[in-house]
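Taking it in order: structure first as structure tokens, then the write-up.
Computed from the coordinates by the stated procedures, all read-outs in this text should not be read as laboratory data. Here the structure is a predicted model, which means the values were calculated and not measured. Note that we place each Cβ from the backbone using ideal geometry, even for glycine, and neighbour counts take in every protein chain shown.
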Amino acid sequence: MLKGKTVVLGVTGSIAAYKTANLASMLVKQHADVTVIMTENATNFINPITFETLTGNKCLVDTFDRSFQYSVEHVALANKADVVMIAPATANVIAKLAHGIADDMLTTTVLACKCKKIVAPAMNTNMLDNPMTQDNIHRLRKYDFEIIEPAKGRLACGDEGAGKLPSEEVLFAHILREILYEKDMAGKKVLITAGPTIESIDPVRYISNHSTGKMGYALARVCAYRGAEVTLVSGRCALAIPEFVKTIEVVSAEDMFEAVEAVYEDMDIVIMAAAVADYTPVNVSDSKIKKKEGDITIPLKRTQDILKYVGEHKKPGQFICGFAMETDDLVANATAKLESKKADMIVANSLREPGAGFATDTNIVTLITKDNTQRLTCLPKDTVASVIVDEILKKLN
Ligand code: CTP
């Protein structure tokens, strides 16, 4: 995913430095070329050998190290970098960067970098709240540094409050957003539904389906990384809420419909990837089910077809994409849904093929539009999401 990309990680003297080891490993697993630069103080918290082992590159600490690879190492690395992330960033290093002070390998390299610089402050709450630190952070923003909001919680010093380094996943997402894709969806508003809906029978039991939300969440992530403003309406999933996405959590088909109806008019692209339960129980009495043995008849009514509603109330210029889960006659049934739901595209996936459907990390889909049917091979869901978006953008432009 990150082949050919150079990431420079700056590590400063904070106990949170251990998280950056995992971040470096996550980047290397995606084939990024990662170089870590540490301040002298950071080496008190984590050993440079940890980073050298994880990245396969020399970990740089001192500007005047004689065993250098490049003639003017900090400039060469600065030119090569696609993104620099300083995580954790102490108040001291933030102050130096904000004032252009370059007195070690890290601050010298950052000053020479033209690429995006992302700073993740980590420190005691009082140090963070200090107007001097706040001014310095403000200055960095002015100079186009991106600042990751520190997380709140119990800090290493025992205090509670803001100042924690966010999780490795959050740091990783910021790097991906910066370097993974062109921002070809900038200015586009996208609405995505994902996950299953849950239809309660009584306070204990429910009707639902096996959807995990993976495909919809992958679409939300890809659209956000490509610069879109994304609203995700999600049924109950075990997945982490994606970064950079406005997420509205819902439970039933009715909740999902209400959430979609409230916002869809404003959207350029609507993608309905949720597995909405087709039926919802009506007037079931708890006691009736408990007392009865053998066959139980549960009265059901159809849920509101959200995709169909949006298709029928489509705004000029909008693009509507639905999904179809089929067990038989994939293309014929999905093509019929394109018509009946007034969608511009149906992404059809067969529940019978290994590597496709619910819960897997891959999918095999066929993209169906009015004038084209295109079957893709088995691909990771993130790649499938990107191809779907490519096709939608082609049709929109
Ligand atoms: N969908 C929806 N609201 C529903 C049912 C489905 O918005 N109440 C959407 C899904 O999100 C998906 C598309 O319609 O984008 C097709 O869903 P699918 O379950 O394959 O089709 P159904 O219309 O439910 O038809 P069937 O289950 O009979 O195949």
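Taking Cα atoms only, the orientation of helix 131-142 departs from the longest principal axis of the chain by about 70 degrees.
Close amide H partners of Lys116, meaning residues 5 or more places away or on another chain with modelled amide H under 5 Å apart, are Val84.
Place a +1 charge on the Cβ of each Lys and Arg in segment 332-397 and a -1 charge on the Cβ of each Asp and Glu, then give the dipole magnitude about the Cα centre in debye, rounded to the nearest 20.
Numbers: 9 positive and 8 negative charges, 47 e Å.
Charge dipole, segment 332-397, about its Cα centre: 220 debye, nearest 20.
Going by how many other beta carbons lie within 10 Å of each one, how would you line up Cys223, Cys237, fewest first?
Numbers: Cys223 30, Cys237 17.
With the sparsest Cβ surroundings first, the list reads Cys237, Cys223.
Using the average count of surrounding beta-carbon atoms within 10 Å as a protection proxy, the listed peptides 239-248, 37-46 rank, highest first, as 37-46, 239-248.
Largest first, the three principal axis extents of the alpha carbons in segment 189-396 are 57, 34, 32 Å in whole numbers.
If you filter segment 138-221 for chymotrypsin sites (Phe, Trp or Tyr not before Pro), then keep DSSP loop positions with at most 16 other Cβ within 10 Å, what is left? Passing sites in segment 138-221 are Tyr143. Dividing the mean sequence gap of close Cα pairs (under 8 Å, 6+ apart) by how many residues segment 207-266 holds gives a relative contact order of 28 percent. Only Cα pairs under 8 Å and at least 6 apart count here; give the relative contact order of the chain as a rounded whole percent. Result for the chain is 10 percent.
Remark on Ser252: its backbone amide H falls under 5 Å from those of Ile198, a criterion applied only to residues 5 or more positions apart or on other chains, H modelled at 1.01 Å from N. A straight Cα-to-Cα reach below 18 Å connects Lys314 with the aspartates and glutamates Glu258, Glu261, Glu265, Asp266, Asp268, Asp305, Glu339, Asp344, residues fewer than 8 places away in its own chain not being considered.
For segment 344-387, the relative contact order is 32 percent, taking Cα pairs closer than 8 Å that sit 6 or more residues apart in sequence and dividing their mean separation by the residue count. Of the residues Ile94, Ile148, the one with the fewest other Cβ atoms within 10 Å heads the list, and the complete ranking is Ile148, Ile94.
Pairs spanning more than 30 Å between alpha-carbon atoms, out of Lys80/Lys152; Lys341/Lys381; Lys342/Lys394: Lys80/Lys152.
Hand me the trypsin sites (Lys or Arg not before Pro) from segment 296-397 located in a DSSP loop with no more than 15 other Cβ atoms within 10 Å, in residue order please. Don't skip to the end; give the middle numbers.
Working: sites: Lys301, Arg302, Lys308, Lys314, Lys337, Lys341, Lys342, Arg352, Lys370, Arg375, Lys381, Lys394, Lys395; in loops: Lys314, Lys341, Lys342, Arg352, Lys370.
Taking segment 296-397 and a limit of 15 other Cβ atoms within 10 Å, the loop trypsin sites (Lys or Arg not before Pro) found are Arg352, Lys370.
For the chain, the dipole from Cβ point charges (+1 on Lys and Arg, -1 on Asp and Glu) about the Cα centre works out to 260 debye, to the nearest 20.
Computed from the alpha carbon atoms alone, the convex hull of the chain holds 186 Å³ per residue. Amide H contacts of Ala275 (H built 1.01 Å from N, in plane; Pro and chain starts excluded): Gly195, Thr197 sit under 5 Å, all sequence-distant by 5 or more or on other chains.
Which of the GluC sites (Glu not before Pro) found in segment 262-368 are loop residues per DSSP with 10 or fewer other Cβ atoms within 10 Å of their Cβ? Of the GluC sites (Glu not before Pro), the ones in loops of segment 262-368 whose Cβ has at most 10 other Cβ atoms within 10 Å are Glu293. In the chain, what % of DSSP beta bridges are antiparallel (nearest 5)? Looking only at bridges with both residues in the chain, the antiparallel portion is about 30 percent.
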